[in-house]
Amino acid sequence: MTLFHFGNCVSLAYFPYFITYKCSGLSEYNAFWRCVQAGATYLFVQLCKMLFLATFFPTWEGAVGVYDFVGEFMKATVDLADLLGLHLVMSRNAGKGEYKIMVAAMGWATAELIMSRCIPFWVGARGIEFDWKYIQMSFDSNISLVHYIAMAAVVWMFTRYDLPKSFRLPVTILLGLCVYKGFLMELFVHVFLLGSWTALLVKAVLTGAISLCSLFLFVTLVHSN
Amino acid sequence: MFEEASEVLENMLKWSLPLSLVLFLVLLRAEAAHEFSVYRMQQYDLQGQTYGSRNAILNTEARTVEAEVLSRRCVMMRLADFSYEKYQKALQQSAGAVVIILPQNMSTMPQDIVQQFMELEPELLATETIVPVYFALEDEELLSIYTQTQISSSSQGSSSAAEVLLHTATANGFQMVTSGAQSKAVSDWAITSLEGRLTGAGEDLPTIVLVAHYDSFGVAPWLSYGADSNGSGVAILLELARLFSRLYSYKRSHAGYNLLFFLSGGGKFNYQGTKRWLEDNLDHTDSSLLQDNVAFVLCLDTLGNSDNLYLHVSKPPKEGSPQHILLKELETVVAHQHPELKFSMVHKKINLADDTLAWEHERFGIRRLPAFTLSHLESHRSPARHSIMDKRPHVDLTKLSRNTKVIAETLARVIYNLTEKGVSGDLEIFTEQMQVQEDQLASLLDWLTAQPRAAQLLDKDSSIVHTLEYYLNHYLKDVKRHLVRADKRDPEFVFYDQLKQTMNAYRVKPAIFDLLLAFCIASYLGVLYLAIQNFGLLYSFLRRVTSPRVKQH
């Protein structure tokens, strides 16, 4: 029943996206094409990042098992390009803040889902061998959805001209956390030697915390006028 | 949403469809939990009679013998727990396959288990079965797979229905899959034999023939190393070739006998090489050493151990004949030079009604050539002659070199007529520069046992045949190859392929597990749906939390 397992993984990964799209009311605004455009921007940004990383970052030639903190930190810094990409998408869409955020985040996250999950599922989950990592990948994509929504919201807030002074610092901190979240996760796994399920849990908690903070700031900002 | 989706997708699909088709058509193999080599049990036809395991392909779940239901499953057994009853049980329940796990190093196994397995090997082969039987060498991962399977197999017959249900839903099973096709007969297999000679000084001389078969036999062809049977025979033959070629190279020691050395192939399959060689030499050739004066034929079979020595004959030698002289010389040499050796003659009549002949000398006996077989085994049915356990440690080098010396001294006494000339039995010829070189024997034996020498694996281009030919060429003259191919219409022997395959063990979960998982995922998605629907609640809560602050401005 391995095709069934493939179906399980795909539904676990994709359905939340579907539900979010339906329930956030984006369908009423004919936003599908805009989401696809956001996805295309994602592809372009990833391509640029890859070229940049390949050109300027040498391969790590140290001992196996030793984690190259500085190198990985520099690589994570390149992820700032993600922020630029999101900003680009949002600036091209006219509309309310929420609309822009949701469109950008949905398109971005869906593109990431298709690009990074489809092939592992098709090849791996469909095989005879069973492994828990496919279910874990599906959960991970759910977490990514929330993460990208939070990231888009923070980027939007950062670029607002009417952002109160007191909000600058928290927003910047959240922005930094969003970009370096991957790096922090790898750090935790390496230092505390977390198992795969524990790492997933930590990731979920971290993303939850970031998104709650950003939501809090967003609400305050929008309704302070 | 679907209308816009469809229109967008239509545009995209026009150029992406070919790309996605290519992508999805590539069915990449998932990685297995463990991949290992398995060696199949013998499968051959001899004179129309089929032996061994018929089938080769496999794609079944793994179980151990303790499980209740064994049909269409792959039954795994370890050598330490192996018994004939368990094997029979697996076969009777028409198991999908049997995999017997052997330890990497046989010397770690206690002797009685090894002995018991050696005795069981012919019985395993005697029952012709359609169930593929494999042998695998144990490593850590295979052992862990075995223990996991054992735990789940033995708990199947236990406790309550709920526990069983939970267990079947979450258990970790293994699916064993072999790559490779169904086994089929190998057509046109050539069994190679090698002969070489040392010509005596003079004309119309009698001939002494020395024979040893170089192939080995065991329950699995790829695991038959045949150290004692008949690696020892081959090593002795080659060492004798070296010693006598040295003797014959000096004019003064050039004896009045022709020496013909013969390394026969297919020995374990009823001496096919010898049979065809005799037919060709006696029926089809005008003149051959075998047609003229043959003093006797001495076959060497399993001489690498023990302090016993038996001379097997099919007809007791008559007084005054060259055969009788050999017998007497052997007794003399043993009595005077090696008193610890127990030597005796064993007389066994040739029984043509048997499926296979007992010893190699019987082939010569059928063609009215006087022949003996020298062996440390008393019976041809001894399990040591057909076992995969027969590896290098089974051969005792000192005893092998002592046996070589005994044979060399005896032959020298015969060809130089030493007893008639009154030379005492204590005189040792092969000493100092002419001595039997133990290092040579050791390296020959090490080389012979480094790879399996089953007849199915040695075709005429194999490295073993080439090396033997090269070695014989070094010491003997007129080294020739002799090929035996099975007759097309009524084959005496048929070999089958697919003797070595790769087996993959995949970790699988039972089907109920997928349903259980689907149920859990459905409930998770339901909860998520409700959460997203009611997201507005969280939003208004946060709003209420922040608004008192705003009102204060």
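Every number in this text was worked out from the coordinates using simple rules, so none of it is lab data. This one's a predicted model, so the numbers in the text were calculated from it and none came from an experiment. Every residue, glycine among them, receives a Cβ derived from its backbone with ideal geometry; neighbour counts consider all protein chains shown.
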If one computes the Cα centroid of segment B:237-282 and of segment B:285-333, what distance in Å separates the two points?
13 Å
Towards the positive end of the charge dipole of chain B, with charges on Cβ (+1 Lys, Arg; -1 Asp, Glu), say which of B:Leu418, B:Ala353, B:Ser94 has the farthest Cα.
B:Ser94
Mean per-residue count of partner chain Cβ within 10 Å for A:211-221 equals 3
Residue among B:Leu445, A:Phe121, A:Val45 farthest towards the positive dipole end of the protein assembly as shown, charges placed on Cβ
A:Val45
Hydropathy at least -0.5 by Kyte-Doolittle, axial extent at least 30 angstrom from the Cα trace: which helices of chain A, defined as entire DSSP H runs, fit?
A:2-23, A:32-56, A:97-120, A:133-158, A:165-192, A:196-223
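Check every DSSP H run in chain B and write down those whose alpha carbon atoms cover 20 angstrom or more along the long axis and whose mean Kyte-Doolittle hydropathy is 1.0 or greater. Show your work: numbers first, answer last.
Numbers: long enough: B:2-25 (29 Å, 0.75); B:111-126 (24 Å, 0.03); B:140-154 (21 Å, -0.22); B:233-248 (22 Å, 1.19); B:322-337 (22 Å, -0.03); B:397-415 (27 Å, 0.30); B:511-533 (33 Å, 1.96); B:535-552 (27 Å, -0.06).
Span-like helices here: B:233-248, B:511-533.
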Within chain A, count lysine pairs with alpha carbon atoms under 30 angstrom apart where the residues are 8 or more positions apart or belong to different chains.
24
Once you list every other residue whose beta carbon is under 14 Å from the beta carbon of B:Arg402, what net charge do they have if Lys and Arg are +1 and Asp and Glu are -1?
-4
Listing B:Glu66, B:Glu203 from the residue with the fewest other Cβ atoms within 10 Å to the one with the most, what is the order?
B:Glu203, B:Glu66
Using a 10 angstrom Cβ neighbour count of at most 11 plus a DSSP loop assignment to flag exposed trypsin sites (Lys or Arg not before Pro), which longest range of chain B is free of such sites?
B:30-183
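Can you compute the FRET efficiency between A:Asp79 and B:Arg544 using 1/(1 + (r/R0)^6), with r the Cβ-Cβ distance and R0 = 51 Å? Round to the nearest 0.05.
Details: r = 35 Å, r/R0 = 0.69.
Efficiency, rounded to the nearest 0.05: 0.90.
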Measuring from the lowest to the highest alpha carbon on each principal axis, how far does chain A reach, largest first, in angstroms?
56, 42, 32
Going by Cα centres, segment B:81-97 and segment B:453-522 are how many Å apart?
24 Å
Over chain B: helical MRE at 222 nm, DSSP H runs n ≥ 4 each giving -39500 (n - 2.57), nearest 500:
-12000 deg cm²/dmol
Beyond 17 Å, what share of the Cα-Cα pairs of segment B:369-485 is found? Please give it as a whole percent.
72 percent
Footprinting exposure proxy for B:Met345, B:Met503, A:Met50 (fewest neighbouring C-beta atoms within 10 Å first):
A:Met50, B:Met345, B:Met503
With the 8 Å Cα cutoff and a minimum separation of six or more residues, segment B:274-349 has a relative contact order in percent of 35 percent
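For the protein assembly as shown, report the translational diffusion coefficient in µm²/s to the nearest whole number, using Stokes-Einstein at 25 °C, 0.890 mPa s, and a Kirkwood Rh over Cα pairs.
Working: Rh = 33.0 Å.
D, rounded to a whole number, is 74 µm²/s.
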Taking springs between alpha-carbon atoms closer than 10 angstrom, which of A:Met106, A:Met157, A:Met185 fluctuates most in the Gaussian network model of chain A?
A:Met185
Between A:His223 and B:Ala335, how many nm apart are label points set 7 Å from Cα along the C-beta direction?
12.0 nm
Modelled FRET efficiency - R0 56 Å, B:Glu432 with B:Ala511, Cβ distances, 0.05 increments:
0.15
If you build a Gaussian network model of chain A, linking Cα atoms that sit under 10 Å apart, which residue out of A:Val189, A:Val123, A:Val103 swings the most?
A:Val123
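Under the rule of -39500 (n - 2.57) per DSSP H run of 4 or more residues, summed and divided by the residues of chain A, what mean residue ellipticity at 222 nm is obtained, to the nearest 500 deg cm²/dmol?
On the way: 8 runs with 175 residues, N = 225.
Dividing the helical sum by the residues of chain A leaves -27000 deg cm²/dmol.
In Å³ and rounded to a whole number, note down the convex hull volume per residue for the Cα atoms of chain B. Show your work: numbers first, answer last.
Working: hull volume 151.5 nm³, N = 553.
Convex hull volume per residue, Cα atoms: 274 Å³.
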Which Cα, out of B:Gly304, B:Leu290, B:Ser321, lies furthest along the positive dipole direction of the protein assembly as shown (beta carbon charges, K/R +1, D/E -1)?
B:Gly304
Which value, in Å³ per residue, describes the convex hull spanned by the Cα atoms of segment B:190-485?
124 Å³
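May I ask you to sort B:Leu327, A:Leu88 by Cβ crowding, counting other Cβ atoms within 10 Å and putting the fewest first?
A:Leu88, B:Leu327
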Suppose a student asked you for the relative contact order of segment B:190-485, using Cα pairs under 8 Å spaced at least 6 residues apart; what percent would you report?
34 percent
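On a full-extension model of 0.36 nm per residue, what is the gain between A:Ala40 and A:Leu169, subtracting their alpha-carbon distance, rounded to one decimal in nm? Can you show the working numbers first?
Working: separation 129, 0.36 × 129 = 46.44 nm, distance 3.15 nm.
Full-extension gain reported as 43.3 nm.
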Distance from a point 7 Å along Cα→Cβ of B:Lys421 to each backbone N in segment B:192-226: keep the residues under 18 Å and list them by number.
B:200-203, B:206
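Counting only C-alpha contacts under 8 Å and six or more residues apart, can you give the relative contact order of chain B as a whole percent?
On the way: 990 pairs, mean separation 130.1, N = 553.
Reported relative contact order: 24 percent.
Over segment B:465-553, consider all pairs of different Cα atoms and compute the Kirkwood hydrodynamic radius from their mean reciprocal separation; express it in Å, one decimal.
Values: mean 1/r = 0.0432 Å⁻¹.
Computed over Cα pairs of segment B:465-553, the Kirkwood hydrodynamic radius comes out at 23.1 Å.
Nearest 5 percent is fine: what portion of the DSSP beta bridges confined to the protein assembly as shown is antiparallel?
On the way: 43 of 80 bridges.
Just about 55 percent of them are antiparallel.
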Using the Cα centre of segment B:190-485 as the reference point, and only Cβ charges (+1 on K/R, -1 on D/E), how large is the resulting charge dipole? Debye, rounded to the nearest 20.
260 debye
For peptide B:532-543, how many partner chain Cβ atoms fall within 10 Å of a residue's Cβ, on average?
3
Where a Cα-Cα gap under 25 Å defines reach, which lysines qualify for B:Lys184, not counting those fewer than 8 residues away within the same chain?
B:Lys268, B:Lys460, B:Lys488, B:Lys500
